[in-house]
Amino acid sequence: MADQASPVSNAAPRARDGEPLRLMAVHAHPDDESSKGAATMARYAAEGVEVLVVTCTGGERGDILNPSFGEAPESPEAMAALRRAEMAAAAASLGVEQEWLGFVDSGLPQGDPLPPLPPECFALVPLEEASAPLVELMRTFRPHVVTTYDPSGGYPHPDHIKCHQISAEAFAAAGDPERYRRDGGADAWTPLKMYYNHDFSMQRIRTVHEACLAAEIESPFGAWVERREAQEIPEREVTTRIDVVGHFAARDGALRAHATQIDPDGFFFAVPRDLEAEIWPWEEYELAESRVGDVVPVDGYERDLFAGIRGDER
Ligand SMILES: [Zn+2]
């Protein structure tokens, strides 16, 4: 990015403190950034915001989820190497930077009773030890806004729950110079807002499902609607909708880059993009923490993750 640094920084939108706006998105595995909030990141990156994806684990225990992919790599190390290459291609498609925290994927335990988690996996690392590298990254990258998952993880993968926990801990602690002190560590930095990704709100699922039925397209959400209604999981509040209609292509390129995980003919590509642009041109968030005041809705929702932070705010 060095050769682009000066034109980008001259035009970059700035915060009230004069700093270029910065967004940090914390995710559990490589590919999560492409299925949760990806087009939002592409939009802000295109606007000149500095965007950093932080990936907690290497995705070593992920299965091959794309039936057209072919043979699985022979070892966890080979899988990790493949997923690093996929991640680099996804970041390039979104126009963002990316860093690894270096923890080991816990895998999704399945069965009844659930098997124990593998030793030394991310979910078993004590909170303070697991949060320390993220605190340090917040102090070096200095984000104004952080995105992560809600306390349930969004779905019950132990790495997603842990991702929430370390994000909340780092958001609380990064600005306190007495906490997570380390020789040679960066100065404290206080991020201003933290959001939870809500890419599959019930309202979105229902809206898209009904639009597919009306257009006589096979809906990817049929079973999902029934399952969610049966579970009676309380819906979390959506406070914020980001219009991302111009950035579907960047998101789709990032999804396709994760070829071990994403079927190019599967779920994420089941809804035609022109239909999606018409009925659901947003990605959704919940403002979880703010140090710059509450949401000011425009047409019912906040429309900018940097609302209350921008130097040129209207
Ligand atoms: Zn994941």
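Any read-out appearing in this document is the output of simple, stated calculations on the displayed coordinates, not a laboratory observation. Note that the structure is a prediction, hence the values are computed from the model and not measured. In this analysis, Cβ positions are derived from the backbone assuming ideal geometry, glycine residues included, and neighbour counts consider all displayed protein chains.
On alpha carbon coordinates alone, what is the Rg over Rh value for the range 123-243, Rh being the Kirkwood radius?
Details: Rg = 18.6 Å, Rh = 16.7 Å.
Checking Rg against Rh, the ratio lands at 1.12.
Could you tell me the center-to-center distance, by alpha carbons, between the range 51-92 and the range 256-308 in angstrom?
23
Compute the distance in nm between two label points, each set 7 Å from the Cα along the Cα-to-Cβ direction, one at D243 and one at V298.
Taking the two extended label points, one gets 0.8 nm.
Tell me the mean residue ellipticity at 222 nm calculated for the chain from its helices only (DSSP H runs of n ≥ 4, each -39500 (n - 2.57), averaged over every residue, nearest 500).
On the way: 10 runs with 111 residues, N = 314.
Using -39500 (n - 2.57) per qualifying helix, the result is -10500 deg cm²/dmol.
Tell me which trypsin sites (Lys or Arg not before Pro) from the range 238-296 have a DSSP coil assignment and no more than 14 other beta carbons within 10 Å of their own. Could you put the intermediate results ahead of the total?
Values: sites: R241, R251, R256, R273, R291; in loops: R291.
Loop-located and lightly packed - R291.
Taking every Cα atom in the range 109-166, find the radius of gyration and the maximum pairwise distance Dmax, and write them in Å.
Using the Cα atoms of the range 109-166, the pair Rg, Dmax is 13.5, 43 Å.
Between beta-carbons, use under 12 Å as the cut-off and find the net charge around E235, counting Lys and Arg +1, Asp and Glu -1. Each step should come with its number before you reach the end.
Values: positive: R204, R206, R228, R236; negative: D150, E229, E232, E237, E284, E286.
Summing Lys and Arg as +1 and Asp and Glu as -1 gives -2.
For the chain, what's the radius of gyration and Dmax over Cα atoms, in angstrom?
Final numbers for Rg and Dmax: 19.3, 62 Å.
Can you give the FRET efficiency for L275 and D17, using 1/(1 + (r/R0)^6), R0 = 41 Å, r = Cβ-Cβ distance, to the nearest 0.05? Present the calculation step by step, with values, prior to reporting the outcome.
On the way: r = 42 Å, r/R0 = 1.02.
After rounding to 0.05, the efficiency reads 0.45.
Take Q231, project a point 7 Å from its Cα along the Cβ direction, then tell me which residues of the range 19-46 have their backbone nitrogen under 19 Å from it.
Within reach of a label on Q231, which here means backbone N under 19 Å from a point 7 Å along Cα→Cβ, the range 19-46 contributes 28-29, 32-33, 35-37.
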